[in-house]
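These notes concern the structure reproduced below.
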């Protein structure tokens, strides 16, 4: 199967993790921000993951190199626009890009400024490259409750301009989701769809809490679900969708090897799973690469590939009409 020509959907995609290396170099030069190098080839050694990556901490260090660039409208708009181009080039017909506005703010650049700039980039990118997308705003585990409530309010305010849901990201091993229950309660009241990073490196109880306490209909990663048969059955019966990111989980050492990943187990147990890139520029991959990896390592059959794409279409946070339209793209695949 030619995965490059296959129409695809990416539901777990971080905007800051999709920034091109050449763009980091160019913006660093334009904005006068110090970088290890302004030569893209050399800079790639500092911002892309290599074989020396041994844990999530090593992975996240790559972001520290370019975080000072994020607190500018030109950065948010440009990387959103370029992401549309990159997805169109890979035949990703719909994607949902997420980012944490609080990680972009500065005294001169508010969370709302970041949201507006990203939405403008996505607006232009969709127009110019013929791709469709939605924006997910990330709350952050280490932020204060009022800050995360403000993120939910921003998601509601810009719901008609492209924001489709909220997420909770951050270190799940050191920061519980429970203190932010008020933010999720507000999201549920406002009928804003919820996805939560849970069970990536943490306990399966984090998944249980995300789904049954906070109302997440999707889970980012969810690898630790493999250790809890009772929970697996419960989320399967509930129809919770798991946003699987194979390469990312391997690079962050969430799993010791690709063969140890529970992806095949989840498929066989009929858990609703999707394939996603997570941080395509940092991991130096495309969604085509992820599908090829899954097909090779887990011997995916055409019907299973079709099922993955239909899962993504049905789990999209966009309007029902969009989900129906997307599903129609895959109904006649082999």
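The values are calculated or read from the model by the stated rules, or taken from the named source; none is laboratory data. Note that the coordinates shown come from a computational prediction; the quantities given were computed from them, not determined experimentally. Note: ideal-geometry Cβ built from the backbone for every residue, glycine included; neighbour counts use all protein chains shown.
When the range 186-214 is examined, which residues are found to be over 19 Å from residue 238 (Cβ atoms), modelled with pLDDT of 95 or more and out of contact with any helix residue (DSSP H, G or I) (no Cβ under 6 Å at 6 or more places or on another chain)?
189
Residue 107: surrounded by fewer than 24 Cβ atoms within 10 Å (Cβ to Cβ) and more than 20 Å from residue 196 (Cα to Cα), yes or no?
Details: surrounded by fewer than 24 Cβ atoms within 10 Å (Cβ to Cβ): yes; more than 20 Å from residue 196 (Cα to Cα): yes.
So residue 107 fits the description; yes.
Condition test on residue 99, is it closer than 16 Å to residue 67 by Cβ and either surrounded by fewer than 18 Cβ atoms within 10 Å (Cβ to Cβ) or free of Cβ contacts under 8 Å to residues at least 40 places away in the same chain (or both)?
No, not satisfied.
Looking at residue 219, is it at pLDDT 95 or above, in contact with a strand residue (DSSP E or B) (Cβ under 7 Å, 6 or more places away or on another chain) and closer than 23 Å to residue 320 by Cβ? Walk me through how you get there before you give the answer.
Details: at pLDDT 95 or above: yes; in contact with a strand residue (DSSP E or B) (Cβ under 7 Å, 6 or more places away or on another chain): yes; closer than 23 Å to residue 320 by Cβ: yes.
Yes: the conditions hold for residue 219.
Can you find, within the range 308-326, the residue that is farthest from residue 273 (Cα to Cα) among those that are free of Cβ contacts under 8 Å to residues at least 40 places away in the same chain and buried (at least 17 other Cβ atoms within 10 Å of the Cβ)?
Within the range 308-326, the match that is farthest from residue 273 (Cα to Cα) is 323.
Give me the residue from the range 31-57 that is in a helix (DSSP H, G or I) and in contact (Cβ under 8 Å) with a residue 12 or more places away in the chain and, out of that set, surrounded by the most Cβ atoms within 10 Å (Cβ to Cβ).
It comes out as 47.
Residues being closer than 26 Å to residue 99 by Cα and either at pLDDT below 95 or in contact with a helix residue (DSSP H, G or I) (Cβ under 7 Å, 6 or more places away or on another chain) (or both): count how many of those fall in the range 296-319. Walk me through it before giving the result.
From the range 296-319, those closer than 26 Å to residue 99 by Cα are 308-319; that's our starting set.
Narrowing further to those that are either at pLDDT below 95 or in contact with a helix residue (DSSP H, G or I) (Cβ under 7 Å, 6 or more places away or on another chain) (or both): 309-310, 313-314, 316, 318-319.
Number of matching residues: 7.
Among the numbered criteria (1) touching a residue at least 12 places away in the same chain (Cβ under 8 Å); (2) surrounded by fewer than 20 Cβ atoms within 10 Å (Cβ to Cβ), which one does residue 185 miss?
The failed condition is (1).
Quick one: count up the residues across the range 118-137 that are within 19 Å of the chain's Cα centre (by Cα) and outside any helix (DSSP H, G or I).
Looking only at that region, the number is 7.
Does at least one position in the range 161-173 carry a residue that is farther than 17 Å from residue 220 by Cα, touching a residue at least 24 places away in the same chain (Cβ under 8 Å) and touching a strand residue (DSSP E or B) at 6+ places or on another chain (Cβ under 7 Å)? Break it down stepwise before answering.
Quick first cut of the range 161-173, residues farther than 17 Å from residue 220 by Cα only: 161-163.
Keeping just the survivors that are touching a residue at least 24 places away in the same chain (Cβ under 8 Å) gives 161-163.
Those left that are additionally touching a strand residue (DSSP E or B) at 6+ places or on another chain (Cβ under 7 Å): 162-163.
Yes; the residues of the range 161-173 include at least one that is farther than 17 Å from residue 220 by Cα, touching a residue at least 24 places away in the same chain (Cβ under 8 Å) and touching a strand residue (DSSP E or B) at 6+ places or on another chain (Cβ under 7 Å).
If we keep just the residues of the range 286-295 that are part of a helix (DSSP H, G or I) and in contact with a helix residue (DSSP H, G or I) (Cβ under 9 Å, 6 or more places away or on another chain), which is nearest to residue 10 (Cα to Cα)?
If we take residues in the range 286-295 being part of a helix (DSSP H, G or I) and in contact with a helix residue (DSSP H, G or I) (Cβ under 9 Å, 6 or more places away or on another chain), then 287 is nearest to residue 10 (Cα to Cα).
I'm told residue 274 meets every condition in (1) touching a helix residue (DSSP H, G or I) at 6+ places or on another chain (Cβ under 9 Å); (2) in a helix (DSSP H, G or I); (3) modelled with pLDDT of 95 or more except one. Can you identify the failing condition by its number?
(2)
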